[in-house]
Every structure is written in C-alpha cells, then in structure tokens.
Amino acid sequence: MARVDLSDMEWRIIEGLLSTERGRKSRPAHDNRQYLNGMLHFLRVGCPWRDMHERYGKWNSVY
C-alpha cells in the first residue's frame with residue numbers, strides 16, 4: 001500500500017457503502033479497495049487512464 005492510499009480505518013468507513021456484487025449474473029467484484037485507490041490516484045495525479053500505475057489493476061477496470 002502506498003502512503004497516499006486509503007488507510008484501514010478510512011476503508012472500514014467506505015467499505016459498507018460499496019456493493020460487493022455487480023454485473024448481469026452478480027459476478028463478485030474484484031478488489032474494490034484497489035479500484036477506489038486507483039480512482040483517487042487518477043484524480044490526484046491527473047494522468048490519462050492508460051498511464052495509471054499497474055498496482056491499481058487494469059486501467060479499464062478502474063475506469
């Protein structure tokens with residue numbers, strides 16, 4: 001976890017607000033915390049989606 005990612009305490013507050021399933025057949029979502037950290041990174045840095053750091057997963061999944 002990078003120093004700018006969500007802390008465990010911040011994540012506990014937000015975690016309950018996010019759905020655990022998505023898609024037509026209720027496929028389990030992958031790592032919502034990783035994706036949220038990727039979105040926050042995108043907003044903070046202002047990089048293009050395709051240039052996002054790999055630790056946040058595939059850019060199109062985060063998008």
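Since every read-out is calculated from the coordinates, none of them should be taken as a lab result. Everything numeric in this text was worked out from a predicted model, so none of it was measured. Every residue, glycine among them, receives a Cβ derived from its backbone with ideal geometry; neighbour counts consider all protein chains shown.
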Net charge near Ile13, counting Lys/Arg +1 and Asp/Glu -1 over other residues with Cβ under 15 Å of its Cβ?
-2
Which whole-Hz ³J(HN,Hα) couplings does the stretch 9-19 yield from phi under the Karplus relation 6.51 cos²θ - 1.76 cosθ + 1.60, θ = phi - 60°, glycine and proline marked x?
5, 5, 5, 4, 5, 7, 3, x, 7, 9, 6
At what distance in nm do the modelled label points of Arg55 and Leu17 sit from each other, each positioned 7 Å from its Cα along Cα→Cβ?
2.4
Got a sec to turn the phi values of the stretch 39-52 into Karplus ³J(HN,Hα) couplings, 6.51 cos²θ - 1.76 cosθ + 1.60 with θ = phi - 60°, whole Hz, x for Gly and Pro?
5, 5, 4, 4, 5, 6, 8, x, 7, x, 3, 5, 9, 5
